[in-house]
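Before any comments, here is the structure.
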Amino acid sequence: MWMVITLLAIVFGSLLFHFLSPWWTTALASNWKQMDDTLTITLVITGIFFVVINLFVVYCLLRFRHRAGRRAAYQPENRRLERWLIAVTSLGIAALLAPGLKVYASYVDPPPGALVLEVVGQQWQWRYRFIGAAGKLGASDARFVNGANPLGLDPDDAAARANIIITGNEVHLPLNRPVKVLARSHDVLHDFFVPPMRARMNIVPGQVSSFWFTPTVAGRFEAMCAQLCGIGHPNMRGTVVVEDEAAFEAWLSAQPTFAATLAPAAPANVVAGDLAARGKALAQSKGCVGCHSVDGSTIVGPTWKGLFGKTETFMDGSTALMDAAALRQKIRDPQSRTVKGFQPLMPRLDVKDDELDALVAYIQATH
Ligand code: HEC
Ligand SMILES: [Cu+2]
């Protein structure tokens, strides 16, 4: 009897939880209502099977209880019953699979004329590229990757030079225009995911994955990585800003082309505030912000808040005043000594001398 009560409690508890729970999907902000419908179909079918099977077990427990003298009828084969079971299960499985296949087929088949957006995942940040005036995405290759060229674009390719590069985890998209996403990874498996768009796709190093969506609601939406991609994974977040066409065009025209990002850095005699501002941009584009905060919180590495002028203790017990020289040395040669309480995870990044000045000025400016 306890078994019957437990099963009934599980069935009704699950139904209650489903209808009363506040954990529903976020409001849809793209064209992919089909995806939500597919999920609903799956939920309804699996829900019906769950309830029916459990109630059937309850029925059998009550109907065929053991009683002294009662014997079970042995029926090794019942063709009619088997045919029924095969038919119902096949139908159920087809109904579970078919809608998903259909939606996936259209999900990877962008309409002609869609705006092309390249997304590049890197531990632990997002970068983007638009075609710009080039007419197409220019060539890229892993051998071109360096600190100044994190996307590995071919500096001699005219199309690549005219492409527009977005660093800093925030990308804008026009409202109601289909976007075709081409996704690449710099290092490991990532997954670009914007939950309100329902859009997500694994990004496998060495290959380009593709999907499309049309943003249908203006606003700021969170983009995140949906594959556990290392210690900084939860910090691999960004923002997708959906706005009208005019605002988007204005934003896009203010972003640098690849050629502009390659241009020599600003002259050395810039005022301190500009230098720190440049440092801030560099901390974004070089990925420092994936591991270092400026608000006192620990991400992967120590926060930069209050770092300048602090006396730091290292793993070997030594201490040092973190002045400009000590910061420069640490950024140049991260493995030279490790801050106590942290893992030696900081990569040696390609930082030019003037960039180093800017980064140090920025760290100094973050109190
Ligand atoms: C993959 C994560 C990661 C990235 C990216 C990274 N760091 Fe670090 N960083 C660390 C960790 C972890 C430490 C602490 C352990 C150590 O000292 O090696 C650290 C330590 C530091 C320190 C010393 C902090 C202190 O409290 O003394 C400085 C300065 C620093 N990083 C600057 C940078 C700059 C500038 C960049 C970008 C050019 C950068 N880091 C990129 C992980 C990272
Ligand atoms: Cu990731």
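For GLU170, the residues whose modelled amide H falls within less than 5 Å of its own, excluding neighbours fewer than 5 places apart on the same chain, are THR239. Panel order for GLU355, GLU245, by other beta carbons found within 10 Å of each beta carbon, from fewest to most: GLU245, GLU355.
Secondary structure note: in the chain, about 75% of the DSSP beta bridges are antiparallel.
Calculate how many DSSP beta bridges within the range 115-261 are antiparallel, expressed in % of all such bridges and rounded to the nearest 5. Roughly 70 percent of the beta bridges in the range 115-261 run antiparallel, per DSSP. Looking at the chain, what % of the alpha carbon pairs are farther apart than 30 Å? For the chain, the fraction of Cα-Cα distances above 30 Å is 54 percent.
With 23 Å as the limit on Cα-Cα distance, the pairs of LYS310/LYS352; LYS136/LYS280; LYS102/LYS136; LYS280/LYS310 that go past it are LYS310/LYS352; LYS136/LYS280; LYS102/LYS136.
FRET efficiency for the pair THR216 and LEU96, taken as 1/(1 + (r/R0)^6) with r the Cβ-Cβ distance and R0 = 25 Å, rounds to 0.35. A Förster radius of 25 Å combined with the Cβ-Cβ distance from ILE45 to LEU20 puts the calculated FRET efficiency at roughly 0.70. Going from the fewest other Cβ atoms within 10 Å to the most, the residues GLU243, GLU82, GLU77, GLU118 appear in the order GLU77, GLU82, GLU243, GLU118.
Full extension from ARG65 to ALA324: what is 0.36 nm times the residue separation minus their Cα-Cα distance, to one decimal in nm? Write out the running numbers ahead of the final one.
Values: separation 259, 0.36 × 259 = 93.24 nm, distance 8.17 nm.
Fully extending the segment from ARG65 to ALA324 adds 85.1 nm.
Charges on Cβ only, +1 for Lys and Arg, -1 for Asp and Glu, centred on the Cα centroid of the range 115-261; of ALA183, TRP124, ALA226, which one is farthest towards the dipole's positive end? The one lying farthest along the dipole's positive direction is ALA226.
Taking the Cα centre of the chain as origin and assigning +1 to Lys and Arg Cβ atoms and -1 to Asp and Glu Cβ atoms, the resulting dipole is close to 1940 debye.
Under the combined filter of DSSP loop state and at most 16 neighbouring Cβ atoms within 10 Å, the range 208-307 retains none of its chymotrypsin sites (Phe, Trp or Tyr not before Pro). Which chymotrypsin sites (Phe, Trp or Tyr not before Pro) does the range 1-40 hold that lie in a coil by DSSP with at most 10 other beta carbons within 10 Å? Filter output for the range 1-40: TRP23, TRP24.
Within the range 20-114, the trypsin sites (Lys or Arg not before Pro) that combine a DSSP coil assignment with at most 12 other C-beta atoms in a 10 angstrom radius are ARG65, ARG67, ARG70, ARG71. Taking the C-alpha atoms only, the angle from helix 79-107 to the longest principal axis of the chain is near 20 degrees. Here is how the number arises for the chain: DSSP H runs of 4 or more residues each give -39500 (n - 2.57), the sum is divided by the residue count, and the result at 222 nm is -12000 deg cm²/dmol. Note on the chain: dipole from Cβ charges, positive end direction compared against MET3, ASN235, VAL360; the farthest Cα belongs to MET3. Seen from GLN122, the other residues with C-beta closer than 12 Å to its C-beta sum to a net charge of +2, counting Lys and Arg as +1 and Asp and Glu as -1.
As a length-normalised measure over Cα pairs under 8 Å and 6 or more apart, the relative contact order of the chain settles at 14 percent.
Placing +1 on the Cβ of every Lys and Arg and -1 on the Cβ of every Asp and Glu, with nothing else charged, gives the range 300-361 a dipole about its Cα centre of roughly 260 debye. The phi torsions of the range 287-295, fed into the Karplus equation with coefficients 6.51, -1.76 and 1.60 and a -60° offset, translate into couplings of x, 4, 5, x, 10, 10, 9, 10, 10 Hz, rounded to whole numbers, with Gly and Pro shown as x.
Under the criterion of Cα pairs below 8 Å and six or more residues apart, the relative contact order for the range 216-362 equals 21 percent. Remark: the range 115-261 carries a charge dipole of roughly 240 debye about the Cα centre, counting +1 on each Lys and Arg Cβ and -1 on each Asp and Glu Cβ. Of the options ASN146, VAL208, LEU252, report the single residue whose Cα projects farthest towards the positive end of the charge dipole of the chain (beta-carbon charges: Lys, Arg +1; Asp, Glu -1). Checked the options; the winner is VAL208.
Proximity of backbone amide H atoms, modeled 1.01 Å from N, is registered between MET201 and PHE192 at under 5 Å, excluding neighbours fewer than 5 places apart on the same chain.
Here VAL52 and VAL241 are evaluated by their C-beta separation; at R0 = 51 Å the FRET efficiency comes out at 0.65. Inter-part distance, the range 311-367 to the range 45-64, computed on C-alpha centroids, equals 64 Å.
FYI, it's all coordinate maths here, none of it is from the lab. Only a predicted model underlies this, so the values are computations on that prediction, with no experimental measurement involved. Cβ atoms come from the backbone with ideal geometry, glycine included; neighbour counts cover every protein chain shown.
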